[in-house]
1. Under 12 Å from the 7 Å Cα→Cβ point of residue 68, by amide nitrogen: which residues of segment 503-527?
2. Compute the Rg to Rh ratio over segment 17-126 from the alpha carbon atoms, using the Kirkwood formula for Rh, and round to two decimal places.
3. Contour minus end-to-end for residue 58 and residue 207, with contour as 0.36 nm per residue of separation and end-to-end as the Cα-Cα distance?
4. Treating the beta-carbon of each Lys and Arg as +1 and of each Asp and Glu as -1, no other charges, what is the dipole magnitude of the chain about its Cα centre, to the nearest 20 debye?
5. May I ask for the Kirkwood hydrodynamic radius of segment 65-148, worked out over all distinct Cα pairs and given in angstroms to one decimal?
6. Mind checking the dipole of segment 258-358: about its Cα centre, +1 per Lys or Arg Cβ, -1 per Asp or Glu Cβ, Debye to the nearest 20?
7. Could you compute the FRET efficiency for residue 161 and residue 455, with r as their C-beta to C-beta distance and R0 at 25 Å, rounded to 0.05?
8. Rounded to the nearest Å, what's the spacing between the alpha carbon centres of segment 150-175 and segment 61-129? Just the number, please.
Amino acid sequence: MDAPKTVYAFEKHLDGWLRSLSGPSPTGFDKWSPHRIAQFTTLLALLIAALIFWPNSFFEPNLIHITFAMGSLGIWRFGWWFTHAVRAEIFAWSRFPKMRARVNAVWQAGWRPPHLHIQMTTYFEEAAITRRVIGSILGQIRREGIPTTLWIGTGSSYDEEIIIDFVRTHGADVDAEIVFLRQNQLGKRMVIGMILRAINRAGVGPDDLVIFMDGDAVYRIGVLEKTCSMFGADTDLQALTTNEEVICYGPQWIQNWLSMRFAQRRLAMQSHAMSDKVLTLTGRKSVFRARYIIDEKFIRTIEADHLDHWLWGRFRFLSGDDKSSWYYLLSMHAKMTYVPDACVYTIEQIEGSGTGRMVQNFRRWSGNMLRNGSRTIALGPFVAKPFIWWCLVDQRIAMWTMLVSPALAILTLFIEPLYILHCVIWIVLSRTLLCLFLFRYARAPDITWPFILYFNQIINASVKVYMIFHLSKQKWANRGNQSAGDGTATLDKIKNATAMFQLITSVIGFLIGLAVYIELLPLPTLF
């Protein structure tokens, strides 16, 4: 939905939305209203009826090799997904409850971190959102009684005045110091580096805790207790990240898409945490033991992380500070985890159709993943842990395998046009079954998810294929609408033309290989 027009109406609606999310998420059959049961029963009945009564061309002699190829890929991809699902359930039902019991005992015995530093960056954020973010932080500092310094990196006096006014009105009794740092160089990375250097100058102990968070992340009740206590119970733990819920003001399908992605994230994060690692230390909210992050090398990694590429040369990363911090800790063999019962609410405001924002997000997320993927894979399975290492390798394989089935289905139109109808039925049925697992990690089932899931997979894979040849291209609407990789100098044009040539020839080669496999094109002969 669109955001209400007036400040009062927006704040009232936002408060109501936050209250609705603050309660426990429904579980089991409590999620399934009669209306939702009827929707999915009808959809599954139609799909099964189509498979039974529609003339089946999957096993026709001239098409069975195509079915074999797509089926083999499907078994592989779904098998890998099922592996994540099993690991996630083991974490949820066995490992994490034991962790939580041990952690609660330490907290109730009186353990507290020596000092808590909260570093937050905000840049012309909506005033209503900023007030709720600061209010959620102050409320939990007041409750837990942890010595705290709140370091806030801003872009102008606009954000500072909103925070100062709120704190004077609602936080005068909170025992915490607030320090503002006005960024003097463009980019979120530079302001984080500035904050970390200020923390160093102020004096910080190796077992102090440092929270990295964004200016649009509202804490759910109990977040500080549930996250900080983890470090008291496990002296080897160096970093953790939390669960997220999304509040999106914009097109409804974007809210549905983001909700689905966060459900996927919960499943994947729990699976990764079984290896005492995660695949990202999200900037929305992650907590670090200060031991590593006060190191000059860590700070420079945040400020000036870069990649040396044979075509693009040395280029710096604009966004993806969460991937940089994660890569540094991973290279130091640091233990990390995910805390599913500690949640922050991410508040998004999207104007227009949302499609452009979706593609832009994919370009940023996929670019950050690919730019970090190759160097992380180079660390090897003994540093990154075998399962996590293979997850990174699989990400680079999956962007091509995800495109095999739709490409085969389209090419088969030239052989048997009706074959694509069976492919569509199978796609909807398989994604519906996958979503029945995903709903375990959602507040409520959503009939649009099977369709959004496939659309998400195709767009994501396509963007990754584009980005693997254009790693230097970056665009980030936040923090001054930064961009990189679009130079107009002659050398830049040559590099971009070379990358586009690589992309086009790779895609053409990919399609020709599939066309030869299905015998749409004859296999070239040398004699």
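1. Those under the cut-off are 518.
2. Result: Rg/Rh = 1.18.
3. 47.6 nm
4. 620
5. For segment 65-148, inverting the mean 1/r across all distinct Cα pairs yields 17.9 Å.
6. It comes to approximately 200 debye.
7. In this case the efficiency is close to 0.05.
8. Their Cα centres are 33 Å away from one another.
The values are calculated or read from the model by the stated rules, or taken from the named source; none is laboratory data. The structure displayed is predicted, hence computed values, not measured ones. With ideal geometry, Cβ positions are generated from the backbone for all residues, glycine too; neighbour counts draw on all protein chains shown. The protein model used for the area step is the full one, side chains on, heavy atoms only, and it has no ligands, DNA or RNA in it. Shrake-Rupley method; radii C 1.70, N 1.55, O 1.52, S 1.80 Å.
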